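The values are calculated or read from the model by the stated rules, or taken from the named source; none is laboratory data. A quick note: this is a predicted structure, and the numbers were derived from the prediction, not measured. Because the Cβ atoms are built from the backbone with ideal geometry, glycine has one as well, and the counts that use them run over all protein chains shown. Only protein heavy atoms, including side chains, enter the accessible area calculation; ligands, DNA and RNA are left aside. Shrake-Rupley method; radii C 1.70, N 1.55, O 1.52, S 1.80 Å.
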Amino acid sequence: MKEAARHGDPLATERQHAKGKLTAYERIELLLDEGSFNEVEMLRRHRATGFGLEKKRPYTDGVITGWGTVHGRTVFVYAHDFRIFGGALGEAHAQKIHKIMDMAMAAGAPLVSLNDGAGARIQEGVSALAGYGGIFQRNTRASGVIPQISVMLGPCAGGAAYSPALTDFVFMVRDISQMFITGPDVVKAVTGEEITQNDLGGADVHAGASGVAHFAYDDVRSCMEDVRHLLSLLPSNNRDLPPRSATTDPADRRTDRVVELVPDDPGRVYDIRTVIEEIVDDGDFFEIQPGWATNVVCALSRLDGEVVGLVASQPASFAGVLDIDASEKAARFVQFCDAFNIPLVTLIDVPGFLPGVDQEHNGIIRRGAKLLYAYCNATVPRISLVLRKAYGGAYIVMDSRSIGTDLALAWPSNEIAVMGAEGAANVIFRREIAAADDPESTRAQKIKEYQAELMHPYYAAERGLIDDVIDPRETRSTLVRALAMLRSKQADLPCRKHGNPPQ
């Protein structure tokens, strides 16, 4: 019976392979350590009647559930089996998922879902819909308690798309993964627009335009390799610390190259990822949502073997300004790191928030406030470092001393001010410049005057808003020592049911 359940209908397996897709069992084998999978409820079958269901009662009921290990650590998994009812969710199918989610919570171990299902099983009616409700409730209860990862390996339509959206990370594979609330046929019927499944909800759409997906891949194997890598950086639950990894990269290694990588001129462009490579262990970091809101970089990496979360302005994209998408991307990442005891390092080179009617009308105030709320609410060790410029409200939001960062550092080239010198001079000395015989010469003189008075690198340090101005070549060793000091940090939030973050 078990052998029959595992292999399923040979014709259905052939059809799955013909589409370039693996079976549920083959996917699980790619995810977990070899020979580690323990299946739960393999022989479960539905009890529904009507519409011919009573004559078709395959084992597993279209979902494979169980646990195994990734790099030797326990991980729970469920995988839709598209060969059976198209992976559609019925009552028994849902109960299997509920059970494995409850087991993951009880064991305090990550949960990975391999999604390839056609939504609710229509023949079972409201029972199927109620099954989704039970999944959503458990996703929400597990949020911030155990890491939850969704891997999209087929179509995911309607209410089924909400479970991945509730999880911490969403992986998609090009051409075989789609997510949408209403499919192309419904879109055409309602709006008259014609669009393909991939153009509506494919991997590149969600990884680059909507921000729903965190990662997009060309093939399943590379996708699963990165799921395994991500799990190696995460603690099993919110009571554990992230796993430490031995490194041969010296903690006191000098970072001489950053002096060449970051131009002194605050208007010149550079790629912050090259700076991150120079600072972290062995130049290795795992960027989160690299294709969406590219003006901010969020990444997991290690410093002296300890996992850290990095939030960094990206001058190579829109000059590193904060906008709606960048604020939401960074806020979610900060909240995740705080939930799972991952220290935060913020690298700042930000000219401000993006101005414009579109930004204002689409809620930059409330959505930008999400990042502010996330930092203010975070109790993990927090270190901020100003590389060049930090202007206006964006400086405050990017984990400044005033909102509670544990250590505020800066390079000697830093400029911390309400705005750039040119804009400030135009406002403060507007009348003098207008009345001058040579306005341009007067403007240049006033810009220099403002820079000398308020924008010199030590202005913030003199007022206690910067703890130390450091040699850029000592950035790595300074961060390593600071994080070691903060490792035992204890911080308590006010007693409350929960906060009410801006939406």
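May I ask you to derive the relative contact order of the chain, considering only C-alpha pairs under 8 Å and at least 6 residues apart, and to give it as an integer percent?
Here the relative contact order equals 9 percent.
Ordering ASP264, ASP437, ASP240, ASP282 from largest to smallest accessible area (1.4 angstrom probe), what's the sequence?
ASP437, ASP264, ASP282, ASP240
If R0 is 41 Å, what FRET efficiency do you get for ALA484 and ALA106 from their C-beta distance, rounded to 0.05?
So, using R0 = 41 Å, E works out to roughly 0.75.
Pop the C-beta distance of SER441 and HIS361 into the FRET formula with R0 = 30 Å and round what comes out to the nearest 0.05.
0.15
For LEU11, LEU385, give me the order by solvent-accessible area with a 1.4 Å probe, most accessible first, ignoring ligands, DNA and RNA.
Listed by decreasing accessible area, they come as LEU11, LEU385.
Arrange the residues LYS96, LYS188 by how much accessible surface each exposes, largest first, with a 1.4 angstrom probe.
LYS188, LYS96
Please report the base-10 log of the normalised intensity I(q)/I(0) for the range 1-137, using a Debye sum with one equal scatterer per alpha carbon and no solvent, at each q in 0.09, 0.21 (1/Å).
-0.25, -1.33
Over all alpha-carbon pairs of the chain, lay out the pair-distance distribution in 10 Å bins, whole %, shortest bin first.
Here the calculated profile for the chain is 4, 18, 26, 22, 15, 9, 4, 2, 0, 0.
Report the dimensions of the range 78-134 along its three principal axes from the alpha-carbon atoms, largest first, rounded to Å.
35, 22, 13
Mean Kyte-Doolittle hydropathy of -0.5 or higher plus an axial Cα length of 15 Å or more: which whole DSSP H helices in the chain meet both?
Helices passing the filter in the chain: 91-107, 126-142, 220-233, 324-339, 364-377, 475-486.
Below 8 Å, C-alpha to C-alpha, sequence gap of six or more: please give me the relative contact order for the range 281-429 in percent.
19
For a test of the definition: using alpha carbon positions, the gyration tensor, and the 1.5 limit on a/c, classify the range 157-275 as rounded, prolate or oblate.
Oblate shape, in that a/c is at least 1.5 and b/c is the bigger or equal ratio.
Taking amide H positions as placed 1.01 Å from N in the peptide plane, with prolines and chain starts having none, which residues 5 or more places from GLY183, or on another chain, fall under 5 Å of its amide H?
Under 5 Å from the amide H of GLY183: no residue qualifies.
What relative contact order, as a whole-number percentage, does the range 1-125 give when Cα pairs under 8 Å and 6 or more residues apart are counted?
The normalised contact order for the range 1-125 reaches 25 percent.
When each pair of different Cα atoms in the range 353-440 is counted once in the 1/r mean, what is the Kirkwood radius in angstroms, to one decimal?
One decimal place: 15.3 Å for the Kirkwood radius.
With +1 on each Lys and Arg Cβ and -1 on each Asp and Glu Cβ, and nothing else charged, work out how big the dipole of the range 161-303 is about its Cα centre, in Debye to the nearest 20.
460
Quick one: putting +1 on the C-beta of Lys and Arg, -1 on the C-beta of Asp and Glu, what dipole do you get for the chain around its Cα centre, in Debye to the nearest 20?
Computed about the Cα centre, the dipole is about 1940 debye.
By its C-alpha gyration tensor, with a ≥ b ≥ c as the square roots of the eigenvalues, how is the range 88-175 shaped: rounded for a/c under 1.5, else prolate for a/b larger than b/c, else oblate?
oblate
Within the set LYS96/LYS329; LYS56/LYS99; LYS2/LYS96; LYS21/LYS329, which residue pairs have Cα atoms separated by over 26 Å?
From the list (LYS96/LYS329; LYS56/LYS99; LYS2/LYS96; LYS21/LYS329), the Cα-Cα distance tops 26 Å for LYS96/LYS329; LYS21/LYS329.
Set Lys and Arg Cβ to +1 and Asp and Glu Cβ to -1, take the dipole of the range 50-142 about its Cα centre, and tell me which of HIS71, ALA88, LEU129 lies farthest positive.
Of the options given, the answer is HIS71.
Rg to Rh ratio, the range 253-369, alpha-carbon atoms and Kirkwood radius?
Ratio of gyration radius to Kirkwood radius: 0.98.
So how compact is the range 317-463: Cα radius of gyration and Dmax in angstrom?
17.3, 61
Tell me the mean residue ellipticity at 222 nm calculated for the chain from its helices only (DSSP H runs of n ≥ 4, each -39500 (n - 2.57), averaged over every residue, nearest 500).
-10500 deg cm²/dmol
What does the accessible area of GLU432 come to, in Å² to the nearest 10, when a probe of 1.4 Å is used?
90
Identify the GluC sites (Glu not before Pro) of the range 169-244 meeting these criteria: DSSP loop state and at most 11 other C-beta atoms within 10 Å of the C-beta.
Those that pass, being in a loop and sparsely packed, are GLU193, GLU194.
With a point put 7 Å past each Cα toward its Cβ, work out how far ASP265 is from LYS99 in nm, to one decimal.
6.7
Report the calculated FRET efficiency for ASP240 and ASN38 (r = Cβ-Cβ distance, R0 = 22 Å), to the nearest 0.05.
That gives a FRET efficiency of 0.55.
Rounding to the nearest 20 debye, state how big the charge dipole of the range 334-452 is about its Cα centre with +1 on each Lys and Arg Cβ and -1 on each Asp and Glu Cβ.
Around 280 debye, computed over the range 334-452.
Quick one: accessible area per residue over the chain, 1.4 Å probe, rounded to a whole number of Å²?
Here the per-residue accessible area is 45 Å².
What residue among VAL262, VAL308, THR247 has its Cα farthest toward the positive end of the dipole of the range 214-339, where the charges are +1 on Lys, Arg and -1 on Asp, Glu, each on the Cβ?
The listed residue farthest towards the positive side: VAL308.
When the gyration tensor of the range 409-503 is built from Cα positions, what are the square roots of 5 times its three eigenvalues, in whole Å, from largest to smallest?
Each semi-axis is √(5λ); the values are 40, 22, 9 Å.
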